[in-house]
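Please read the structure below before turning to the comments.
The values are calculated or read from the model by the stated rules, or taken from the named source; none is laboratory data. Everything numeric in this text was worked out from a predicted model, so none of it was measured. Ideal geometry is used to build each Cβ from the backbone, glycine not excepted, and the neighbour counts take in all protein chains shown.
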Amino acid sequence: MRKTKPVRKLGRTAAHRKATLSNLSTQLLVYKRIETTEAKAKETRRVVEKLITKARKGTVHAQREVFKDIRDKQAVRILFEEIVAKVGTRQGGYTRVIKLAPRFGDAAKMAVIELVDYQEAPSASQGTAGKQDRAKRVQGSKKTAEAAVASAV
């Protein structure tokens, strides 16, 4: 009886799929949070979880194994120095996939994939700063409008 393999093909050939997942994994390790389609996020999660598990060993062999998949020295350095230091005690579940609203153009299911220990909660000062900036912009535009009217008269 034919059994299906549990992998999302993403509408790509094997080489293109491997390159896509490698690039998404690299960007996730560098930026700690990326926005992509839901299917790509779930497949990227599978790849990144295995890479982090390998990196936790910290050996040269582990570095070479990870470098086969990532091919970016900066991302490998970040993985082995920063990320492993933060998730060293965690037993798995290094990433989180958060579903978003569908994309406007083609209604594709969108998601954010992020590293769990790098979540930054929005602070109250960030919310008020935007309102102050907007108030300054509105006040500044009123002044320029009054100056234009005064110069016209």
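Kindly indicate whether any position in region 15-29 is touching a strand residue (DSSP E or B) at 6+ places or on another chain (Cβ under 7 Å) and at positive phi.
No: region 15-29 contains no residue that is touching a strand residue (DSSP E or B) at 6+ places or on another chain (Cβ under 7 Å) and at positive phi.
Quick one: how many residues across region 25-51 are in contact (Cβ under 8 Å) with a residue 40 or more places away in the chain, closer than 17 Å to ALA75 by Cβ, buried (at least 17 other Cβ atoms within 10 Å of the Cβ) and of a type in the set (A, V, I, L, M, F, W, C)?
Adding up the residues that qualify gives 4.
Restricting to region 64-74, name every residue that is surrounded by 17 or more Cβ atoms within 10 Å (Cβ to Cβ) and modelled with pLDDT of 95 or more. Before you say what the answer is, go through the steps one by one.
Residues of region 64-74 surrounded by 17 or more Cβ atoms within 10 Å (Cβ to Cβ): 66, 69-70, 72.
Correct list: VAL66 only.
List every residue pair whose Cβ atoms lie under 6 Å apart, where the two residues are 6 or more positions apart in sequence or sit on different chains, the first residue falls within region 4-16 and is over 15 Å from GLU38 (Cβ atoms), and the second residue, located anywhere, is of a type in the set (Lys, Arg).
Between residues of region 4-16 that are over 15 Å from GLU38 (Cβ atoms) and residues that are of a type in the set (Lys, Arg), there is no close pair.
Any residue that is surrounded by 15 or more Cβ atoms within 10 Å (Cβ to Cβ) and in contact (Cβ under 8 Å) with a residue 60 or more places away in the chain - is there at least one of those in region 82-98?
Checking region 82-98: at least one residue is surrounded by 15 or more Cβ atoms within 10 Å (Cβ to Cβ) and in contact (Cβ under 8 Å) with a residue 60 or more places away in the chain.
State yes or no: is VAL84 closer than 19 Å to LYS18 by Cα and assigned to a helix (DSSP H, G or I)? Outline the logic, then answer.
Numbers: closer than 19 Å to LYS18 by Cα: no; assigned to a helix (DSSP H, G or I): yes.
Criteria not met by VAL84.
Can you name the residue in region 87-137 that is among the hydroxyl-bearing types (Ser, Thr, Tyr) and at pLDDT below 65 and, of all such residues, is farthest from LEU28 (Cα to Cα)?
Only one residue tops the list, namely THR128.
Please return the ranges of helices (runs of 4 or more DSSP H) entirely within region 1-70 where 3 or more residues are over 30 Å from ALA107 (Cβ atoms) and more than 21 Å from the chain's Cα centre (by Cα).
60-70
Could you check LEU10 against (1) modelled with pLDDT under 95; (2) over 17 Å from GLN119 (Cα atoms); (3) out of contact with any strand residue (DSSP E or B) (no Cβ under 9 Å at 6 or more places or on another chain); (4) surrounded by 12 or more Cβ atoms within 10 Å (Cβ to Cβ) and say which number it fails?
Every condition holds for LEU10 apart from (3).
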